[in-house]
1. For the chain, give the percent of accessible area contributed by carbon and sulfur heavy atoms, probe 1.4 Å, rounded to a whole number.
2. Within a Cβ distance under 15 Å of Tyr49, other residues only, what is the Lys/Arg minus Asp/Glu net charge?
3. Calculated from DSSP H runs of 4 or more alone, at -39500 (n - 2.57) each and per residue, what is the 222 nm mean residue ellipticity of the chain, nearest 500?
4. In square angstrom, what is the accessible area per residue of the chain with a 1.4 angstrom probe?
5. How long, wide and thick is the stretch 35-83, going by the Cα atoms along their three principal axes, in whole angstroms, largest first?
6. Hey, could you pull the Cα Rg and Dmax for the chain, both in Å?
Amino acid sequence: TRTSVADVIQFSGCRDEQTSADAQINNQFTGALSFAIRETLTQNPNQNYTDLLKNLRTVMTQRQFSQVPQMSTGYKMNMQTPF
């Protein structure tokens with residue numbers, strides 16, 4: 001198991017074999033994941049990490065992006081922790 005002494009939690013826009021998309025949404029240029037994060041947290045600011053990742057993926061699918069957001073941590077964590 002890989003671990004880190006740092007408190008690191010990372011969201012990436014896609015799987016390793018995919019490319020993160022830029023998009024024009026509502027006449028604004030933005031990253032697809034950046035849009036999904038804003039959209040998801042606007043709809044429900046009180047989410048745990050499991051729900052946040054699931055909801056990010058839902059928004060991406062609804063917007064017809066094929067990329068699948070990922071989450072990585074530097075240590076084993078409780079995914080039910082509030083974001």
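The values are calculated or read from the model by the stated rules, or taken from the named source; none is laboratory data. Please read all numbers here as calculations on a predicted model, not as lab measurements. Heads up, the Cβs are rebuilt from the backbone with ideal geometry, glycines too, and the neighbour counts pull from every protein chain shown. Heavy atoms of the whole protein, side chains included, go into the accessibility calculation; ligands, DNA and RNA do not. Shrake-Rupley method; radii C 1.70, N 1.55, O 1.52, S 1.80 Å.
1. Ligands and nucleic acids excluded, carbon and sulfur reach 44 percent.
2. Surrounding charge for Tyr49 is +1.
3. -10000 deg cm²/dmol
4. Value returned for the chain: 72 Å² of accessible area per residue.
5. 31, 21, 12
6. When restricted to the Cα atoms of the chain, Rg and Dmax are 13.5, 44 Å.
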